[in-house]
Amino acid sequence: MLAYYLALGLRHLRQSPILTGLIVVTLAVGVAASMSTLTVLRAMSGDPIPEKSDRLFTPNLDNRPDDGSSRDPRPPEMLTYRDAVALKNAKPGLRKSSVMRISPVIAPSRTDVKPFFGDGISVHADFFKMMDVPFVQGGPWSEADDARGNHVVVLRESMAEKLFGDAEPVGKTLHLDTYDATVTGVVSDAWEPVPRFYRLVSGPPPFRGVEDLFIPWSTAIANEMQPQGNVNCFTDPAPDAPPGYEGLKQSECIWVQFWVELASASDAPAYRDFLDGYVAEQRKLGRFPLPTNNKLFDVQGWLDVNKIVSKDTRLQTYLAFGFLLVCLVNCIGLLLAKFTARSGEIGVRRALGAPRRAIFKQYLVESGVVGLVGGAAGLGLTFASLWFLRKQSDEFAVLAKMDWMMLAITLVVAVVASLLAGILPTWRACQVQPALQLKSQ
Amino acid sequence: MEIQPILLTLRRSKTGAILVAAQVALTLAIICNALFVVKARIATIDRPSGVAEDEVFQIQYAAAGVIEDRKGMQQADLAALRAIPGVEAVAAVNSFPVSSSGWGMGVTLDGKPGSEIPTGVYFSGESFVNAMGLKLIAGRDFQAGDVREVDDRTDARVQADVVILSGRLARKLFGDEQKAIGKTVYQGSGKEAQQMRVIGVVDTLLSSSAPAIDDYAQSTFIWPIRYLGATAHYAVRAEPSQRARVMKDAEKALSALRPDRVLINLHDMGEIKYRRYRHERAGANMLIAVTIGLLLVTASGIVGVASLWVSQRRKQIGVRRALGARRRDIVRYFVTENLLITTAGVAAGIALAIGLNLFLVSKLELAKLPIPYLVGGMVAVWALGLASVIGPAWRAASVPPAIATRTA
């Protein structure tokens, strides 16, 4: 019987085409508006590294001066160079890496490409394993390279192609700022964690840009590469402080993001204790004048505290769902009109013995069919509006991408919405009095 | 008036009326709030930067090697830029208003910790005021004797003795821009605070980050500092009609000067503003699209329900016409009926709009909805209801009286 109702529902789509068209368009527009905003919201609030986001931590230490200027209860969002080095060299933590954004001049050996500024980060060798970075060729540099500050580099796939064309990049050299670096590996273009949690607080916005190259932390420091992004100094340099890069390294300025991977999430308290102990040690040397105020954030905590999902996006999502609600109310009215027009037909069926239940089923199935068609149209519109959004800005280009999950949600939302919209008109259709309808014919 | 019979009829076909009223209410609630947000975004996008926006452009090179003679480079660049016909003023700058990348510092009135005002900082060895086309509203511009030289390789601190404040910062500190002149303010607080004397105030000067919160965006100051950094960053002011040509000439001239650097920015002020406010613009466009979609959907809903009623009531309309009702009586009937329903919807909609606004205020720190938006929304929804019902009402009026005699 259900199959028959489905067939009937499909057939009735063609009956009163204007009304049906209106229902389908209304539903499609509502679904598209709400689903495209939801897609963006979901991408923004997604987990960038689901397998281990509860085991990756970033520590914040409060090294601000005790002069009453530090009103923000949150400690600074990055580390000083000294603390980053100390935490890297300390024992606790399975893997550890500093992160600093850099922008060295890349002078390719190819003569047809002019020198240009690359976007990259300098990290420790641990970074690649910590972040599950997939390689298409070669691999990360070694810890020995880290220790010696060797001139090695890991490239992103698209950058390797730009620099070396079809040639095998691993083992080749390219000129960076002031030295020649050897390529040890090529990272897949598919590596695109959203948001870029590992360099969240400094540099480009969290949903924009990719790293074209990775170089060892110690190499960047030895070559005095400038950090690209914020350098926050809560304390002005001492009168006898050296100028330039050496001064920056010795200062209380924060400019290093630091990540540590623990063996399990339950090791976090122990690592917190370790941090508190480290700060207590340093306090004896005259640093950290404020009471101990260390924070250790896991990935989700870090995204939350930095308020990654913009208020605008939330606002748009709320309003888009309000829009869907209006579309639904509208569909109820239109379905009511469509079903009322068929009172005569219902009267005949009822007179011939159809129970109310059968009528209910038939018309609910019909609403569902309209919902499916509206959902399919809405899906098309959603793809169109996401495509349009991707053209708007680099951020949307990363965020406005449909995945299977969203595809399924969209269809479910459309069908559930149309079923909800169909309940009242269907119920009204069941109330048709057979005698009255037959008489008025 | 025929309100009584309309109400009686409505009582018999409640569902349609309630649906239309609900739709009107939701639409009103959403468009009031959406348009309010759009207005705020547009106000942010349109606010003046203080810079002569038709005349100024930015040109910036980054070093592709080690540049030793930074002062020499800067002077050669400035001379080359000044030599271009059509150039009115040039300055080497540390950052550019609204360009999303710049310097920030804290300013205090007394140097005591705890009251620092976050402030955007500009400096130049030339006249920043002249090169940007800013309007000086009190005091004087810097003179050659005020200028200090800072090289980031040898000087750990950046500081100057005199300062020009933005109008907003001057008013925030002293209440009035004239009163600020000659007064002392501090950069920073505590033992590192450095004293400086206010010698001038400019009308408006947005910070480089130009955040949506106007108070942060408007607090800025200018220092007379020739900063010798690795990048070469210049503001150039030219005749509006010649700017495009001057930009091309400037790139040619500076690129020819030395090969060891790369052009990273060449934008006129219009482009800079366009890039900075892209996000605000996308948000506003999205909300406008939602508003238009809502109005269309609601209009189609009203047309749908009204048409349904007209077709259901053909017979009654025929009878009324046969008994002497004129066409315009019929039109008036449907219009009045629609007006009643819309008004009920508007009443509920105002409550909903305020509720939605309160929700947004608490969740997203939105401002409270001003009354004119509610009134405007009401008028819009009423007009929409009237416009949508005219068509079906007209069709109702053209039902021939003879219908009354045809069927049983």
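Distance between the pseudo-spin-label points of residue A:148 and residue A:405 (7 Å out from Cα toward the beta carbon): 4.5 nm.
Each 5 Å bin from zero up to the one holding the largest Cα-Cα distance in region A:208-271 carries the following percent of pairs: 3, 12, 18, 18, 14, 14, 13, 5, 1.
Equivalent ellipsoid semi-axes for region B:187-320, as square roots of 5 times the alpha carbon gyration tensor eigenvalues: give them largest first, rounded to whole Å.
59, 25, 13
Computed from the C-beta positions of residue A:348 and residue A:416, the FRET efficiency with R₀ = 22 Å rounds to 0.10. Residue separation of residue B:212 and residue B:4 scaled by 0.36 nm, minus their Cα-Cα distance, works out to 69.6 nm of gained length.
Here is the short version for chain A: A:327, A:331, A:430 have no other Cys C-beta closer than 4.7 Å.
Counting every pair of alpha carbons in chain A, the share spaced more than 42 Å apart comes to 38 percent.
Counted over all Cα-Cα pairs of region A:56-305, pairs farther apart than 26 Å make up 41 percent.
Work out which helices of chain A, taken as complete DSSP H runs, extend at least 20 Å along their axis over the Cα atoms and score a mean Kyte-Doolittle of 1.6 or more, then list them.
A:17-44, A:404-430
Checking the Cα-Cα distances for B:112/B:172; A:129/A:295; A:249/A:295; A:295/B:363; A:311/B:363; A:114/B:273 against a 19 Å cut-off, the pairs over it are A:129/A:295; A:249/A:295; A:295/B:363; A:114/B:273. On the principal axes of its alpha carbon atoms, region B:66-259 extends 49, 39, 33 Å, with the longest extent given first. Across all directions, the average flat footprint of the convex hull enclosing the Cα atoms of region B:1-108 is 17.6 nm². Between residue B:368 and residue A:241, the simple spin-label model (points 7 angstrom out along Cα→Cβ) gives 4.6 nm.
The calculated FRET efficiency for the pair residue B:285 and residue B:179, based on their C-beta separation and a Förster distance of 60 Å, comes to about 0.90. P(r) tail for chain B: Cα pairs beyond 33 Å make up 53% of the total.
If the label point is 7 Å along Cα→Cβ of residue A:273, which residues in region A:80-95 have backbone nitrogen under 17 Å from it? So the set is A:91-94. Label-to-label distance for residue B:100 and residue B:46 is 2.4 nm, based on points extended 7 Å past Cα in the beta-carbon direction. Both the radius of gyration and Dmax for region A:101-183 are 12.5, 36 Å, in that order, over alpha-carbon atoms.
Cβ-Cβ distance of residue B:155 and residue B:263, R₀ of 30 Å, FRET efficiency by 1/(1 + (r/R0)^6): the value works out to about 0.65.
Rounded to the nearest 5, what is the percent of antiparallel bridges among the DSSP beta bridges in chain A?
If we restrict to bridges inside chain A, about 75 percent are antiparallel.
Principal axis extents of the C-alpha atoms in region A:322-363 (largest first, rounded to whole Å): 43, 18, 9. For a modelled paramagnetic label at residue A:300, 7 Å from Cα along Cα-to-Cβ, the residues of region A:247-288 in reach, with backbone nitrogen under 14 Å, are A:265-266. Measuring nothing but alpha carbons in region A:312-441 and taking Rh as the Kirkwood radius, the Rg to Rh ratio lands at 1.15.
Loop-located trypsin sites (Lys or Arg not before Pro) in region B:275-339 (DSSP state not H, G, I, E or B) with no more than 12 neighbouring Cβ atoms inside 10 Å: B:326. Extension gain for residue A:8-residue A:292 works out to 95.0 nm (0.36 nm per residue, less the C-alpha to C-alpha distance). Its residue count N fixes a reference of 2.2 N^0.38 Å for the protein assembly as shown, and the Cα radius of gyration divided by that reference is 1.19.
Read the figures in this text as sums done on the coordinates, not as results from a lab. Predicted model, so just to flag it, every value in this text is computed and none were measured. FYI the Cβ positions are ideal-geometry reconstructions off the backbone, even for glycines, and counts take in every protein chain you see.
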